Amino acid sequence: MIKDNDLLQLKTKNLTEAQINEQLSCFINGFPCLEVKASATVEKGVRRPTKDEEQAYVRTWTDGLASGIRVTKFVPASGAASRMFKDLYAFLDAPRDAPETGFEQTFFADVKHFAFYDALNAACLKLYQTEIPALTAAGRYKDVVAALLNSDGLNCGSLPKGLLIFHHYSDGARTAMEEHLIEGATCARTVADNTAYIHFTVSPEHLPLFRKLLAEKQSQYEQKLDVKFDVTFSLQRPDTDTIAVDMANAPLRDVNGSLVFRPGGHGALIHNLDSIEADVIFIKNIDNIVSESFHDALYYKKVLAGVLLAVQRKIFDYTSLIESGGYTQEQVAEMIHFLQDELCIKNPDTKYLEDVELILYIKRKLQRPLRVCGMVRNTGEPGGGPFLAVNPDSTVSPQIAESTQIDMSNPTAKTIYEHGSHFNPVDLVCAVRDAQGNKYHLPDYVDRNTGFISIKSKDGRELKALELPGLWNGAMSDWNTIFVEVPIETFNPVKTVNDLLREQHAAKTNRMRISVTGGTKQSPQKTCELK
């Protein structure tokens with residue numbers, strides 16, 4: 001299947017023929033489904049701290065920062081915003097001039113509430129010498145949409161989400177990237193040098209635009225927030241691209257005969273994450289950001305980080321005890337209960353292990369990267385959720401899984417998935433060093449059997465695309481994972497342009513305010529032991 005003249009193309013992407021053959025075998029053989037034992041709930045697998053516990057975790061985080069912990073905020077931001085506007089593109093292509101669908105009618109009825117309204121109105125004046133109200137009154141709705149999406153207007157259809165105007169304030173509008181700078185200064189500032197370290201993963205074609213915006217805005221926010229920003233960018237590595245095939249699993253080629261490759265999905269970013277030099281890393285998607293009026297929700301990021309440090313401290317104590325060799329049988333039993341009750345790891349074979357094997361098993365489970373994942377109550381949003389799943393070593397542990405990973409033809413698995421009580425908003429805090437301060441090599445903890453195949457199209461041809469294990473799914477499969485319930489108010493993604501009309505984003509709600517306070521009364525945590 002691979003020809004001699006393909007080898008040069010592979011070399012430019014730092015890929016080998018063996019890697020390509022392995023990818024081709026994945027198309028032929030597929031991937032095994034993830035075996036789920038139960039959805040994670042407050043009764044088993046999801047922590048729900050009380051208010052007193054929350055405040056204790058916040059103090060733990062504050063003390064950790066004061067001790068010199070270096071923090072980085074990691075923001076996947078390489079996706080284009082084109083899908084945000086798919087309904088408006090459909091309107092442009094429709095054989096009618098007036099809005100008819102509910103989506104279209106909402107867009108135009110509330111157009112003044114979008115934070116980008118002033119910029120859009122200016123674009124309409126430039127293009128048509130007419131303001132938006134006059135254009136819509138004259139039935140020229142498509143001209144307004146064209147000014148929003150096309151390159152001679154705001155060009156929003158071709159920009160990444162990070163560069164779109166999300167919020168409006170009395171002192172001007174802000175893009176999603178700017179809001180992440182402010183959030184980073186608020187909850188992820190390294191105390192030792194008063195610096196907010198923030199890393200964005202971006203597409204090559206958008207990198208100059210991100211750099212330009214940063215150059216224009218950085219000093220302004222540094223002065224306003226009394227902080228220094230250390231902002232870095234990275235691109236998805238070419239060797240994480242995957243080959244595309246036709247519907248018969250033969251390598252797809254373009255009109256010039258070259259192999260067609262596609263980005264391997266956000267799972268490829270595990271390499272970018274691995275390059276971050278930090279002790280603690282916050283991960284949050286570019287479109288899940290609120291205006292400052294809602295920054296009270298950032299209180300829960302500190303709660304998650306406090307949980308992380310509290311659990312990490314226990315892990316370090318136990319690993320040091322194991323290294324010393326001075327542990328007792330009672331302490332071994334305590335460590336087993338820690339694995340079962342706090343890390344929610346169940347191993348049916350533990351009772352059969354000899355003493356040395358048992359200690360090696362405990363050590364192996366403790367000495368791994370650690371993540372604490374905020375989980376919101378399931379309100380029907382599409383996406384993954386928290387589960388207790390079977391690992392390659394036959395243990396059961398917390399995993400984030402998507403529907404594509406689960407065998408929906410299996411009635412039991414389907415019921416477990418559909419009755420999940422919580423949803424994954426991608427709100428993670430990660431610890432990536434061991435007790436000696438050595439960084440874990442994160443690619444070593446990927447479950448490579450958790451990729452999946454999707455159907456796409458290119459130039460009118462259907463193709464199969466190979467997606468790598470997702471960043472917070474299979475790419476972190478072998479991490480220690482803790483789920484913590486956080487309020488739904490912390491989850492405010494912008495999947496369509498009309499999502500910017502929610503009160504957490506709409507222009508009429510925003511005002512300049514920077515504070516982090518509060519908390520909510522919640523019920524006690526339940527055990528996560530699998531029954």
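The values are calculated or read from the model by the stated rules, or taken from the named source; none is laboratory data. Keep in mind that this is a model prediction, so the values were computed, not measured. Note that we place each Cβ from the backbone using ideal geometry, even for glycine, and neighbour counts take in every protein chain shown. We work out accessible area using only protein heavy atoms, side chains counted, and drop any ligands, DNA or RNA first. Shrake-Rupley method; radii C 1.70, N 1.55, O 1.52, S 1.80 Å.
Quick notes on this one:
- Order by protection proxy (mean Cβ within 10 Å, highest first), peptides 177-184, 326-333: 177-184, 326-333
- Across the cross-link table entries 3/161; 51/161; 13/284, which are compared at the Cα atoms, the separations over 30 Å belong to 3/161; 51/161.
- Relative contact order [Cα under 8 Å, 6+ residues apart], the chain, whole percent: 27
- Listed residue (375, 404, 438) projecting farthest to the positive dipole end of the range 373-442, Cβ model: 438
- Taking the charge dipole of the chain about its Cα centre, with +1 at Lys and Arg Cβ atoms and -1 at Asp and Glu Cβ atoms, the residue from 465, 327, 165 reaching farthest to the positive side is 165.
- Where the chain is the region considered: accessible area per residue in Å², 1.4 Å probe: 43
- Under the span-like rule (Cα at least 27 Å along the axis, Kyte-Doolittle mean at least -1.0), DSSP H helices of the chain: 299-324
- Computed about its Cα centre, the charge dipole of the range 128-197 is approximately 200 debye, with only Lys, Arg, Asp and Glu carrying charge at their Cβ.
- Under conditions of 25 °C and 0.890 mPa s, the chain yields 98 µm² s⁻¹ as its translational diffusion coefficient, taking Rh as the Kirkwood radius over Cα pairs in the Stokes-Einstein equation.
- Averaging 1/r over every pair of different alpha carbons in the range 36-184 and inverting the result gives a Kirkwood radius of 19.0 Å.
- Sequence ranges 304-311, 293-300, 151-158, ranked by mean other-Cβ count within 10 angstrom, highest first: 304-311, 293-300, 151-158
- Diffusion coefficient, µm² s⁻¹, Stokes-Einstein with Kirkwood Rh over alpha-carbon pairs of the range 1-116 at 10 °C and 1.306 mPa s: 71
- Here the contact order of the range 401-515, divided by its residue count and restricted to Cα pairs under 8 Å and six or more residues apart, works out to 17 percent.
- Compactness ratio for the range 248-330: Cα radius of gyration over 2.2 N^0.38 Å (N = residue count) comes to 1.91.
- With contacts taken as Cα pairs under 8 Å at a separation of at least 6 residues, the range 1-160 carries a relative contact order of 19 percent.
- Cα-based reach from residue 439 at 14 Å (exclusive), listing aspartates and glutamates while leaving out same-chain residues under 8 positions away: 274, 277, 279
- Estimated dipole of the chain in Debye, rounded to 20 [Cβ of Lys and Arg +1, of Asp and Glu -1, Cα centre]: 600
- For residue 60, neighbours were defined as the other residues whose beta-carbon sits under 10 Å from its Cβ, and their charges (Lys and Arg +1, Asp and Glu -1) total +2.
- Each residue of the range 155-171 was assigned a 3J(HN,Hα) from its phi angle through the Karplus curve 6.51 cos²θ - 1.76 cosθ + 1.60 (θ = phi - 60°); the sequence is 6, 5, x, 10, 8, x, 4, x, 9, 7, 6, 9, 9, 10, 10, 5, 9 Hz, with glycine and proline shown as x.
- Given charges at Cβ of Lys, Arg, Asp, Glu: the range 232-299 dipole, positive-most of 286, 269, 251: 251
- Among the protein heavy atoms of the chain, carbon and sulfur supply 50% of the accessible surface, probe 1.4 Å, non-protein parts ignored.
- Cα point-scatterer Debye curve for the range 311-372, base-10 log of I(q)/I(0) at q = 0.16, 0.23, 0.30 Å⁻¹: -0.46, -1.00, -1.70
- Taking amide H as placed 1.01 Å from N in the peptide plane, residue 424 has its amide H under 5 Å from the amide H of 384, 385, each at least 5 places away in sequence or on another chain.
- For the range 258-268, backbone phi angles converted through the Karplus equation (6.51, -1.76, 1.60; θ = phi - 60°) give residue-by-residue couplings of 7, 5, 9, 10, 10, x, x, x, 5, x, 5 Hz, Gly and Pro being listed as x.
- Partners for residue 142 among aspartates and glutamates (Cα-Cα distance below 17 Å; same-chain residues under 8 apart left out): 87, 93, 97, 100, 104, 110, 131, 152
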